[in-house]
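The values are calculated or read from the model by the stated rules, or taken from the named source; none is laboratory data. As the structure is a prediction and not an experimental result, all values here were calculated from the model. When we count neighbours, we look across all protein chains shown, and the Cβ atoms used for this are built from the backbone with ideal geometry, even at glycine.
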Amino acid sequence: MANTLTLTINLHGTVWEIDGTLTSGTLPTDIFMYNNTGGITLGSFVGVCSVDELTRLQTHTGVAIPVFGNKFVKSPTLHIAVPHGTDHTTVVSTVVSSVRLLSKQYQANLNITQVYQIL
């Protein structure tokens, strides 16, 4: 089953707001990484998680997560504020290509066969 990334782009005053979600397919939906503020709100957007970060990072659920040992958290929602005058289409392209790359890497890790010879 394919994943679907839905992005909404709005101009609010002098800021482009890019919001998005991932519809579940093969990837988990909480793939967007943010700085952890240690509070109930997310910090700034960092990027799309790597395969390793999917299992290592905690998912932000609106409950405070201590910053010590948890510099980053992941979320199922994307929110990026891009100042007007900055090319927001480049940001969108980067997010889309990052999600595609994660999907390929995740699929590659799902189908690993290892053969061990026991003597």
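Pairs please, first residue from region 58-78 and free of Cβ contacts under 8 Å to residues at least 60 places away in the same chain and part of a strand (DSSP E or B), second anywhere and of a type in the set (Phe, Trp, Tyr) and surrounded by 13 or more Cβ atoms within 10 Å (Cβ to Cβ), Cβ atoms under 7 Å, 6+ apart in sequence or on different chains. Taking only residues 6 or more apart or on different chains, the pairs are 72/34; 73/34; 74/32; 75/32; 75/34; 77/32.
Filter region 25-57 for residues that are among the β-branched types (Val, Ile, Thr) and free of Cβ contacts under 8 Å to residues at least 12 places away in the same chain; which is nearest to residue 104 (Cα to Cα)? If you could, list the steps in order and put the result at the bottom.
We begin by selecting, within region 25-57, every residue among the β-branched types (Val, Ile, Thr); these are 26, 29, 31, 37, 40-41, 46, 48, 51, 55.
Now drop any that are not free of Cβ contacts under 8 Å to residues at least 12 places away in the same chain, which leaves 41, 55.
Values: 41: 30, 55: 16 Å.
It comes out as 55.
Counting just the residues of region 40-57 that are outside any helix (DSSP H, G or I), touching a strand residue (DSSP E or B) at 6+ places or on another chain (Cβ under 8 Å) and not hydrophobic (A, V, I, L, M, F, W, C), which one comes out farthest from residue 9 (Cα to Cα)?
Here the residue is 43.
Scanning region 28-56 for residues that are aliphatic (A, V, I, L, M) and either surrounded by fewer than 16 Cβ atoms within 10 Å (Cβ to Cβ) or under 11 Å from the mean Cα position of the chain (by Cα) (or both) yields 31, 33, 40, 46, 48, 51, 54.
Determine which member of the set 14, 94 is loosely packed, with under 15 Cβ neighbours inside 10 Å and at pLDDT 95 or above.
Details: 14 fails: at pLDDT 95 or above.
Going through 14, 94 in turn, the sole match is 94.
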